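Here the structure comes first, spelled out in structure tokens, and everything after it is commentary.
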Amino acid sequence: MTARAHDFAPALDRAHEHVLAWLGALHDRPVAPRATADELLKVVGGELPERGEDPAGTVDALATLAEPGLMGMPSGRFFGWVIGGATPAALAADWLVSAWDQNSALRYATPAVAALEETAAAWLLDLLRLPVGAGVGFVTGATMASFAGLAAARHQVLRRAGWDVHADGLTGAPKVHVLVGAERHETVDAALRYLGLGLPTPVPVDDQGRIRPDALAAALDDVPDGAPAIVCLQAGNVHSGAFDDFTAAIAAARRRQAWVHGDGAFGLWAAAVPRLAHLTAGVEQADSWATDAHKTLNVPYDCGVAIVADKAAMHAAFGLDTTYLIADETGPGDLHDRTPELSRRARGIPVWAVLRSLGREGVTALVDRLARRAAELADGVRGIEGAEVLNDVGYTQVCVTFGDDERTRAVTARLIADGDVWMSGSRWRGRDVLRISVSNWSTDDADVARSLAALRRAAAGA
Ligand SMILES: *Cc1c(COP(=O)(O)O)cnc(C)c1O
């Protein structure tokens, strides 16, 4: 039976109402959830019902039961991690993607998805100032984007050493030397693990967590001549927001023919703002990049972007050659050729929608505003007695201590218990810190003032 609109209308109407209620409540609602997962299990769980129910009733139950356990992540007072809050066009486009339900593997079978994703890819390369014509795959997040970039890297560096990893696997292959900054994101290690490349060699960093180009050059000198090598650099340290010196680091990597991968999950977006573009200078010379659309760009979960300068290397890693899949010869290849999946969601469509809805000016203003909000928050924090900002606030991150580790933890715990804002605790450079990550497009003056007030309350009470 083909789906009929009237079968869907009641459930979709209820969902629409619940969504508007959620969005409307975000402005005032505490950011923190009011129930734990164990408490919620008692109300949403139990035995699988024998009898089904009317879908609209299920939607009502879902919205009501889930609400106390939702974190106000799209709130302008959420600073927990570098994540966004779903812009209007992106959220609505995401609903259409679900309704259209396109299995977006093949260009000829889902031409609308192909055209929209290819356009979103070109717009992204333009905004991020990356090479025109690079391969772009829409994946689940920056983790898988790094996986994709590093999969292309693994194949290429081994091929240059005379080894075909796709045919012969890794057993008996020449060792691939992987060098990373000591403060790379843990997901780079995860991607390397999935690829069978083992633990990377950490290279010393400076006081903001930037890889030291001299130390990188020295570490590369220890790699045997002609051995396959990969260097992972970072645009946007999750604590300091700092960027590696790409020009110097890539020059060092090039002297040893190393593949360079740039993890720019949130930082790569600095390239879109003339005032901030010096931060990413030189990153365009890398071979592959990972970024997120569900962070700075504020599209709904999940959407990461894998970019590989040499499109053929990406196809070599992910291309499938099966008899029942008819390849489209005219375009940049099939959608599944650029991601580790075959059946896949059309993740690039919300990206197309948010980019079209914001335009270049809107994206530039969005990223610029995030960095300015971080500077405002840092200024406000400096006015709180006992607070010390540990990082140079040049982008979206503020890292704060309130005296010794114990007191910083106590302030963080009070702030989270207060619930009016959400900022996460962490450890950086051997100290407990409170980490403020600014990423929500809707954060305004009132959110900044209210968040600083909550922080002052927590500091006074701890
Ligand atoms: C968030 C983040 C990641 C991981 O991204 P996911 O989208 O969660 O997979 C990787 N690197 C950096 C620098 C990040 O900030």
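Computed values, structure above
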| quantity | calculated |
| --- | --- |
| Residue within the range 248-261 that is out of contact with any Cys (no Cβ under 9 Å at 6 or more places or on another chain), in the same structural domain as Ala109 (by TED's automatic domain parsing) and farther than 20 Å from Ala229 by Cβ present | no |
| Number of the exception - Ile211 against (1) over 30 Å from Arg360 (Cα atoms); (2) surrounded by fewer than 23 Cβ atoms within 10 Å (Cβ to Cβ); (3) of a type in the set (Val, Ile, Thr) | (2) |
| Residue under evaluation Gly236, criteria (1) in contact (Cβ under 8 Å) with a residue 40 or more places away in the chain; (2) more than 11 Å from the ligand (Cβ to nearest atom), criterion not met | (2) |
| In the range 62-120, residue surrounded by the most Cβ atoms within 10 Å (Cβ to Cβ) [restricted to those that are assigned to a helix (DSSP H, G or I) and among the β-branched types (Val, Ile, Thr)] | Val113 |
| Among the candidates Gly267, Gly282, Gly226, residue that is surrounded by 24 or more Cβ atoms within 10 Å (Cβ to Cβ) and small (Gly, Ala, Ser) | Gly267 |
| Pairs with Cβ under 6 Å, 6+ apart, first in the range 399-426 and without any contact (Cβ under 8 Å) to a residue 60 or more places away in the chain, second aromatic (Phe, Trp, Tyr) and crowded, with 18+ Cβ neighbours inside 10 Å | Thr408/Phe402; Val411/Phe402 |
| Check on Gly241, within 11 Å of the ligand (Cβ to nearest atom), in the same structural domain as His294 (by TED's automatic domain parsing) and touching a residue at least 40 places away in the same chain (Cβ under 8 Å) | yes |
| From the options Ala248, Ala313, Ala271, Ala309, residue that is at pLDDT 95 or above and farther than 18 Å from Arg129 by Cα | Ala248 |
| Residues located in the range 409-437, provided they are surrounded by fewer than 24 Cβ atoms within 10 Å (Cβ to Cβ) and of a type in the set (S, T, N, Q) | Thr412, Ser424, Ser426 |
| Among the candidates Ala114, Ala148, residue that is of a type outside the set (Val, Ile, Thr) and within 16 Å of the ligand (Cβ to nearest atom) | Ala148 |
| Any pair with Cβ under 6 angstrom, 6 or more apart, that starts in the range 8-22 at a residue that is buried (at least 16 other Cβ atoms within 10 Å of the Cβ) and ends at one that is part of a helix (DSSP H, G or I) | Ala11/Pro55; Ala11/Ala56; Ala11/Val59; Arg14/Ala56; Arg14/Val59; Arg14/Asp60; Ala15/Val59; His18/Ala63 |
| Tally of residues being within 13 Å of the ligand (Cβ to nearest atom), buried (at least 24 other Cβ atoms within 10 Å of the Cβ) and not in a strand (DSSP E or B) across the range 299-315 | 2 |
| Among the candidates Pro332, Pro300, Pro340, residue that is more than 16 Å from Trp123 (Cα to Cα), in the same structural domain as His166 (by TED's automatic domain parsing) and touching a strand residue (DSSP E or B) at 6+ places or on another chain (Cβ under 9 Å) | Pro340 |
| Restricting the range 217-248 to residues that are assigned to a helix (DSSP H, G or I) and in contact with an Asp or Glu (Cβ under 9 Å, 6 or more places away or on another chain), the residue that is farthest from His166 (Cα to Cα) | Ala248 |
| Within the range 122-215, helices (runs of 4 or more DSSP H) holding 2 or more residues that are over 20 Å from the mean Cα position of the chain (by Cα) and at pLDDT below 95 | 165-168 |
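The values are calculated or read from the model by the stated rules, or taken from the named source; none is laboratory data. Everything numeric here is computed off the predicted structure, so don't read it as measured data. FYI the Cβ positions are ideal-geometry reconstructions off the backbone, even for glycines, and counts take in every protein chain you see.
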